[in-house]
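*Asks:* Take a look at this one; I'll ask things after.
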Amino acid sequence: MIDMQHVNMVYPNSVGALKDINFSVERGEFVFIVGSSGAGKSTLIRLIGREFLPTSGSIRVFGKEITRLRRREIPLFRRSIGVVFQDFRLLEKRTVYDNVAFAMQVVGASPREIRRRVPEALEMVGLAGKAKRKPDELSGGEQQRVCLARAIINQPSLIIADEPTGNLDPQTSLGIVDLLKTINIRGTTVIMATHAKDIVDRMKQRVVVLENGKIVSDEQKGGYSHHAH
Amino acid sequence: MLIRNIAYFFKEAMRSIVRNGWMSFASVAVVTVTLLILGSFMLLNINVEQITQEIKDQVEIVVYLDEELAGSEVEQLRVAVIQLPQVEEVRYVSKEQALARLQSQLGELVAGYEEEGRNPLRDSFEIRTKIPEDIPAVAQTLQTLPGIARVDYGTDVVEKLFRFTGAVRWVGLAFMGGLAFTALFLIANTIKLTVNARAKEIMIMKWVGATEWFIRWPFVIEGVLLGGIGALLPALALFYLYHEVVAWTKVNLFFLPLVPPQMVLVSITKLLLLIGITIGGLGSLLSMRRFLKV
Ligand SMILES: Nc1ncnc2c1ncn2[C@@H]1O[C@H](COP(=O)(O)OP(=O)(O)OP(=O)(O)O)[C@@H](O)[C@H]1O
Ligand SMILES: [Mg+2]
């Protein structure tokens, strides 16, 4: 599903953020990306979302070389991935329902389809009763659930999440990761960058450890503690 | 493009115009003022053009003939003049006819000159050229012909007039171009602010896979609406004002041949709308460019 070969990333006026990354993910996997601050986790996630191009190397997603996507192909590619951010990025002036519906509107879904699927997604993330609230009337965990509902609403086959629990307390974080796991069990591949040691240890999923832009460890059912800090 | 998308674009554009009420008001005001000046200038230009055309059409060369010229020599000269390629028409005016014309204009003042030998005027040709701009050149040629005493075409006036109307046209064009550019810049800045205010929304749209045009359309429509409203107001104002000006002129300055309102106002309205809409649309496209990267 994802296949990176010899990927290097050097930001302008900066040392290399990623060095010769070779890494692949199969359909249905749940992968944690861990490593100390500045190790290159976000860079890796953003490359998969085609936010920018690597300095060199090949990145294939769903069998397609995304480094060669044309500008107008990028939106179509993005529809097949769901993105979850650390800072939620919800529209404050719109209700929970509208925030989720918005993601369907902009890809041209029919109103009927929207009316059918948005309540389903809110139900799935446990917010069925809060559809009419505005984001600032929700807790952080609930806001991140809205963000998850928005990420899955267009039924992507891949979800990328960069520290989705970075702003949440441990208990709430666990709820979010459980939800991501549920989504994963239903067939969506999940890649999540995180610092949350407890959660990684507890989930027993594949763990990729980055250090100074290199992959230093990649284990199935790994833990956080032996490697990073 | 899907119909429900069009409805969505308009809804978003309207929502943004209302939400940024003051800014929308400011940019409409800017376009209104700009296009009001532009429109007034166009009307002024059209009328200056029309008046100078009228004056040009009336300008002719008068050639006074030597007194001792015989009838056959006059005829020869007339043929020589009419054969000049730029010349349209040559009219012979005898000194008696000239005197009669003068008397009909001035009456008593010139009485008593009819007797033989007392007429102080000369026989003349009144010459019209095919285009007014040829007059100075034709006058020069005529000066060299034998049997001609004096050539008169109001040298200074005509040359100055031609130079003046040429200048008016160019200054006018430059001025109008400058104004249109200013309006474009101001609209672009206004839309840029509304785009800025919605940067987060645009970023989310990009991450969930909205196409660039889907993101652009609401802003383009917003610009077009602002530009269109900004053009409609001065068009209405000019419609009313020009009617008033023409009516007033008819009574008070009846000799000034203003272009009738129905001949210009429709095309000026169309032109202003076109300019307003183009400026609005273009302005928002320009201000969007930076935001669509990623
Ligand atoms: N836009 C940028 N321009 C220049 N350098 C950058 C940019 N983004 C990241 N970097 C650099 O690239 C390296 C990797 O950064 P990255 O954000 O991928 O780390 P990270 O593992 O996500 O860290 P954190 O855990 O703090 O989020 C760092 O040295 C960082 O300074
Ligand atoms: Mg990071």
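The values are calculated or read from the model by the stated rules, or taken from the named source; none is laboratory data. Only a predicted model underlies this, so the values are computations on that prediction, with no experimental measurement involved. Here Cβ is always computed from backbone atoms with ideal geometry, including for glycine, and neighbour counts include all displayed protein chains. Accessible surface is based on the protein model in full, side chains and every heavy atom, while ligands, DNA and RNA are left aside. Shrake-Rupley method; radii C 1.70, N 1.55, O 1.52, S 1.80 Å.
*Asks:* Go through (1) within 16 Å of ligand 2 (Cβ to nearest atom); (2) on the phi < 0 side of the Ramachandran plot and name the single condition A:Asp3 misses.
*Replies:* (1)
*Asks:* Further question on the same structure: Is it true that some residue in the range A:185-192 is in a strand (DSSP E or B), within 14 Å of chain B (Cβ to nearest Cβ) and within 16 Å of ligand 2 (Cβ to nearest atom)?
*Replies:* no
*Asks:* Within the range B:195-211, is there a residue that is more than 14 Å from chain A (Cβ to nearest Cβ), in a helix (DSSP H, G or I) and over 30 Å from the mean Cα position of the chain (by Cα)?
*Replies:* yes
*Asks:* Could you please let me know if A:Glu142 is away from every other protein chain (no Cβ under 11 Å), crowded, with 16+ Cβ neighbours inside 10 Å and free of Cβ contacts under 8 Å to residues at least 24 places away in the same chain?
*Replies:* Yes, satisfied.
*Asks:* For the range A:111-124, which residues satisfy the criterion of being in contact with a helix residue (DSSP H, G or I) (Cβ under 8 Å, 6 or more places away or on another chain) and open to solvent by 40 Å² or more (accessible area, probe 1.4 Å)?
*Replies:* A:Pro111, A:Glu113, A:Pro119, A:Met124
*Asks:* Take A:Leu168 and tell me if it is under 23 Å from A:Gly49 (Cα atoms), open to solvent by 10 Å² or more (accessible area, probe 1.4 Å) and either away from ligand 1 (no atom under 16 Å from the Cβ) or assigned to a loop (DSSP other than H, G, I, E, B) (or both).
*Replies:* Working: under 23 Å from A:Gly49 (Cα atoms): no; open to solvent by 10 Å² or more (accessible area, probe 1.4 Å): yes; either away from ligand 1 (no atom under 16 Å from the Cβ) or assigned to a loop (DSSP other than H, G, I, E, B) (or both): yes.
Against the criterion (under 23 Å from A:Gly49 (Cα atoms), open to solvent by 10 Å² or more (accessible area, probe 1.4 Å) and either away from ligand 1 (no atom under 16 Å from the Cβ) or assigned to a loop (DSSP other than H, G, I, E, B) (or both)), A:Leu168 does not qualify.
*Asks:* Quick one: which of A:Thr165, A:Thr172, A:Thr189 is within 26 Å of A:Ala39 (Cβ to Cβ), touching a Lys or Arg at 6+ places or on another chain (Cβ under 8 Å) and among the β-branched types (Val, Ile, Thr)?
*Replies:* Just a single option satisfies the conditions, and that option is A:Thr189.
*Asks:* To continue, here is another question. Among residues belonging to the range B:1-38 that are more than 14 Å from every other protein chain (Cβ to nearest Cβ) and among the β-branched types (Val, Ile, Thr), point out the one that is farthest from B:Leu273 (Cα to Cα).
*Replies:* Here the residue is B:Ile17.
*Asks:* Pull out all pairs, ordered by first then second residue, where Cβ-Cβ is under 8 Å, the residues are six or more apart or on different chains, the first lies in the range A:10-23 and is β-branched (Val, Ile, Thr), and the second is more than 9 Å from ligand 1 (Cβ to nearest atom).
*Replies:* A:Val10/A:Thr55; A:Ile21/A:Met4; A:Ile21/A:His6; A:Ile21/A:Val7; A:Ile21/A:Asn8; A:Ile21/A:Gly57; A:Ile21/A:Lys214; A:Ile21/A:Ile215
*Asks:* Still on this model: List pairs: first residue in the range A:27-49 and under 18 Å from A:Val216 (Cβ atoms), second residue away from ligand 2 (no atom under 11 Å from the Cβ) and acidic (Asp, Glu) anywhere in the structure, Cβ distance under 8 angstrom, at least six positions apart or on different chains.
*Replies:* Pairs found: A:Gly35/A:Glu211; A:Ser36/A:Glu211; A:Ala39/A:Glu211.
*Asks:* Within the range A:76-99, track down each residue that is free of Cβ contacts under 8 Å to residues at least 12 places away in the same chain and either of a type in the set (Gly, Ala, Ser) or facing another protein chain (nearest Cβ under 9 Å) (or both).
*Replies:* Correct list: A:Leu76 only.
*Asks:* Among the residues of the range A:9-65, count how many are in a strand (DSSP E or B) and out of contact with any Pro (no Cβ under 8 Å at 6 or more places or on another chain).
*Replies:* 23
*Asks:* Select, from B:Glu244, B:Glu222, the only residue that is surrounded by 15 or more Cβ atoms within 10 Å (Cβ to Cβ) and among the acidic types (Asp, Glu).
*Replies:* It is B:Glu222.
*Asks:* List the pairs whose first member sits in the range A:51-70 and is within 14 Å of chain B (Cβ to nearest Cβ), whose second member is open to solvent by 30 Å² or more (accessible area, probe 1.4 Å) and part of a strand (DSSP E or B), and whose Cβ atoms are under 9 Å apart, counting only residues at least 6 apart or on separate chains?
*Replies:* Cβ pairs passing all conditions: A:Val61/A:Asp3; A:Ile66/A:Arg60.
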